[in-house]
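Please read the structure below before turning to the comments.
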Amino acid sequence: MTALRPRHLKTLVGAANVVAASNDADPTVGVKRAVELARKAEAEKITGLFTADLLQIDPAGLAGTAGAQEPLIALAALSQATSRIGLVATVSTSFHHPYNLARQIGTLDHVSGGRAAWNAVTSSVGEENFGQALPGPEARYARAAEFIAVVNALFDANARDAAHRKDSGTIAVDPAKFHRIDYRGEHFAVAGPLNIPPPPQGRPVLFQAGQSEAGVDVGARYAEIVYTAQPTLEGAVAFATELRRRATAYGRGEALPRVMNSFHAVIGESEADVARRLREKHARIDYDQGRLKLADMLGGQVDLSGLPLDAPLPAALLPELESINRRRGRVEIFRHYARQGLTLRALIIEAQETGHCPA
């Protein structure tokens with residue numbers, strides 16, 4: 001029997017917030033704590049530090065949409081306190097420009113010694129801060145595909161030896177080795193060249209997060225790693241199978257994306273201890289707030305007030321996916337739960353995990 005090659009589990013953990021609170025006497029306490037936790041994660045062989053980025057404040061705190069730090073600056077700080085752990089910055093392709101992003105991620109790759117990655121998302125909130133309406137999912141992913149193509153072209157165009165260090169210690173650049181891309185598409189017109197030397201990785205690692213039809217297609221076409229939230233093993237297997245089928249259809253061959261599934265863990269000393277901790281966690285739920293959070297998981301267009309907690313949701317309340325302009329993948333998860341006959345109470349409990357796999 002042929003021995004299987006050992007495979008190492010790849011793990012990401014959220015980077016701690018680097019900001020200080022208003023009641024912190026030391027304004028650097030936030031970054032000091034984040035550095036401490038980053039070093040612990042690196043020592044424990046965690047693969048990467050992950051930063052989300054949600055471009056609005058949610059006063060009610062219902063859906064975790066409050067972005068409290070800018071990912072690229074936070075990771076640049078943590079890069080100087082670590083040496084091996086990966087650094088994954090979430091970036092909105094709806095509200096950024098590919099030329100600026102290529103400069104930022106490329107610079108992060110330089111300052112970290114080749115550890116930068118970016119997670120391309122299309123955003124489902126925050127449009128009010130950028131003076132524009134939020135386009136539908138298909139339009140957002142069309143822009144995302146073009147955004148990624150431009151960034152890749154900028155990273156690929158410059159010659160690897162475009163810059164070298166002289167004996168004096170200064171950097172000399174050869175302008176002839178910085179090349180234009182002359183890209184013109186539906187959403188972007190970028191001449192180039194990118195005005196930083198090629199990053200140590202060439203192209204920093206590309207993550208992508210999206211579970212809708214259009215989102216899966218962008219991941220299959222471009223991503224090296226697809227980040228997803230599948231609450232069951234069966235769903236995760238089906239998702240990965242379809243993703244890789246599409247990647248093969250795009251001719252990617254051996255360059256199929258890897259898949260990282262999220263999970264929310266409750267850790268205890270025994271199964272009984274975990275069960276106790278879960279009971280206590282559920283006992284702390286504010287079910288009035290929970291109704292609002294579940295409504296958000298269902299697209300934000302349903303009114304769950306007044307419904308009995310211990311009865312299933314009426315089927316007529318469940319939205320059609322095509323009517324949702326935000327996180328269709330999340331809506332699909334909770335529509336599935338509701339169609340299984342889960343009570344409103346059970347759905348609110350599930351909503352605390354926001355569609356992630358509990359473990």
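Numerical summary
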{"quantity": "Probe 1.4 Å, all protein chains present, accessible-area order of 177, 45, largest first", "calculated": "45, 177"}
{"quantity": "Share, in percent, of DSSP beta bridges within the chain that are antiparallel, nearest 5", "calculated": "20"}
{"quantity": "Principal semi-axes in Å for region 123-279 [√(5λ), Cα gyration tensor, largest first]", "calculated": "38, 23, 18"}
{"quantity": "Rg/Rg_ref, region 232-359, where Rg_ref = 2.2 N^0.38 Å and atoms are Cα", "calculated": "1.24"}
{"quantity": "Principal axis box of region 60-162, alpha-carbon based, largest edge first, Å", "calculated": "43, 32, 19"}
{"quantity": "Which of 173, 124, 315, positive extreme of dipole for the chain (C-beta unit charges)", "calculated": "173"}
{"quantity": "Charge tally in the Cβ shell below 14 Å around residue 253, where Lys, Arg are +1 and Asp, Glu are -1, residue 253 excluded", "calculated": "+3"}
{"quantity": "Projected label distance in nm at residue 340 and residue 95, using a 7 Å step from Cα toward the beta-carbon", "calculated": "3.3"}
{"quantity": "Charged-residue dipole, Cβ positions (Lys, Arg, Asp, Glu), region 113-249 about Cα centre, Debye nearest 20", "calculated": "480"}
{"quantity": "Net charge over other residues, Cβ less than 15 angstrom from the Cβ of residue 111 (K, R count +1; D, E count -1)", "calculated": "+2"}
{"quantity": "Net charge over other residues, Cβ less than 14 angstrom from the Cβ of residue 192 (K, R count +1; D, E count -1)", "calculated": "+2"}
{"quantity": "Kirkwood Rh, angstrom, region 111-169 [1 / mean 1/r, Cα pairs]", "calculated": "15.0"}
{"quantity": "Solvent-accessible heavy-atom area per residue, rounded to whole Å², over region 260-329 at 1.4 Å", "calculated": "62"}
{"quantity": "Helix 29-43 axis, angle to the chain major axis (alpha carbon atoms, nearest 10°)", "calculated": "90"}
{"quantity": "Whichever lysines have a C-alpha closer than 30 Å to that of residue 10, once near sequence neighbours (fewer than 8 apart) are set aside", "calculated": "32, 40, 45, 281"}
{"quantity": "By average C-beta atoms within 10 angstrom, highest first, the peptides 203-210, 30-37", "calculated": "203-210, 30-37"}
{"quantity": "Tail weight of P(r) past 34 Å, computed on alpha-carbon pairs of the chain, percent", "calculated": "33"}
{"quantity": "Cα-based helix-to-principal-axis angle, 98-111 vs the chain, degrees rounded to 10", "calculated": "80"}
{"quantity": "Peptides 107-120, 70-83 ordered by average Cβ neighbours within 10 Å, highest first", "calculated": "107-120, 70-83"}
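The values are calculated or read from the model by the stated rules, or taken from the named source; none is laboratory data. Treat the numbers as computed from the prediction; the structure is a model and nothing was measured. Glycine also receives a Cβ, built like all others from the backbone with ideal geometry; neighbour counts cover every protein chain displayed. With ligands, DNA and RNA removed, areas are computed over all heavy atoms of the protein, side chains included. Shrake-Rupley method; radii C 1.70, N 1.55, O 1.52, S 1.80 Å.
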